[in-house]
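The structure under discussion appears below in the form of C-alpha cells.
The values are calculated or read from the model by the stated rules, or taken from the named source; none is laboratory data. Predicted, not measured: the structure shown is a model, and the values here were computed from it. When we count neighbours, we look across all protein chains shown, and the Cβ atoms used for this are built from the backbone with ideal geometry, even at glycine. In case anyone asks, the SASA skips ligands and DNA or RNA and just uses the protein heavy atoms, side chains included. Shrake-Rupley method; radii C 1.70, N 1.55, O 1.52, S 1.80 Å.
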Amino acid sequence: MAGRFSHFRNIGIAVAIVGLAFWAQAPARAEGTARIQQADGTVNTYHNVKIKIVQKTLTMTSPDGKGTLMIYRAACSYQGDILACLPTGTTLIQGGTVNPIKLVSGTVYANMTGEPHNLAMSSTKVPAHGILMSLKTQRGTYVTLSGTLDEVKQ
C-alpha cells in the first residue's frame, strides 16, 4: 500500500479540498451516519451526523451536538476524482474535554464533484459532495462515517 500513497504530502485536509470552494456554504442537512465499535464489541450507530470542513479541519458532530471528532491534519492525494487522505491528527471533544486520539490506521475519501464516483479499483461509490471514512484507534475502536458535507468554509 505504500506505493499507492507514495505521492502524499502532509497538508491540511481543507487545503487539499480546494476544489470544494465553489460550494461556499451548503445548507445544513446532517446526512451523515457514523458507526463506532469499541474494542469490547459494543457498537453505537449515529444518524444525522453533521459533517463540516472549516479552517482546514474536518469535523463530525453527533446529532445532539455533545460529541465532535476532529481531523485537523492529514496527508492527501487525488485518486481520479476522489481525494484520499490519511489522517494523522485527530481529537475528540466530548463532555467539555478535549482528548487527542491516537490512530493506528485510517482513510478519508472525499468526492469533490456533483456526481457520485467509484473508489479506485472498487465498486464502492462516494456520493456527490460526499465523505467516506474509516479509522482504527490505538485502543481498538473502529469509527466509520459516510454522508455528505453540510458545510465547507476556508
If you go through Pro100, Pro63, the only one that is part of a strand (DSSP E or B) and over 14 Å from the mean Cα position of the chain (by Cα) is Pro100
Looking at (1) buried (at least 17 other Cβ atoms within 10 Å of the Cβ); (2) in contact (Cβ under 8 Å) with a residue 40 or more places away in the chain; (3) closer than 19 Å to Glu31 by Cβ, which is the only condition Cys85 fails? (3)
Subset of region 98-114 (residues that are modelled with pLDDT of 95 or more and surrounded by fewer than 20 Cβ atoms within 10 Å (Cβ to Cβ)): Val98, Asn99, Pro100, Ile101, Lys102, Leu103, Val104, Ser105, Thr107
Filter pass, Thr68 being outside any loop (DSSP other than H, G, I, E, B), among the polar types (S, T, N, Q), within 11 Å of the chain's Cα centre (by Cα) and at pLDDT 90 or above: no
Would you mind finding the one in Leu149, Leu145, Leu119, Leu135 that is farther than 18 Å from Lys50 by Cβ and open to solvent by less than 60 Å² (accessible area, probe 1.4 Å)? Leu119
Condition check: modelled with pLDDT of 95 or more, among the acidic types (Asp, Glu) and open to solvent by 70 Å² or more (accessible area, probe 1.4 Å). Does Asp40 satisfy that? yes
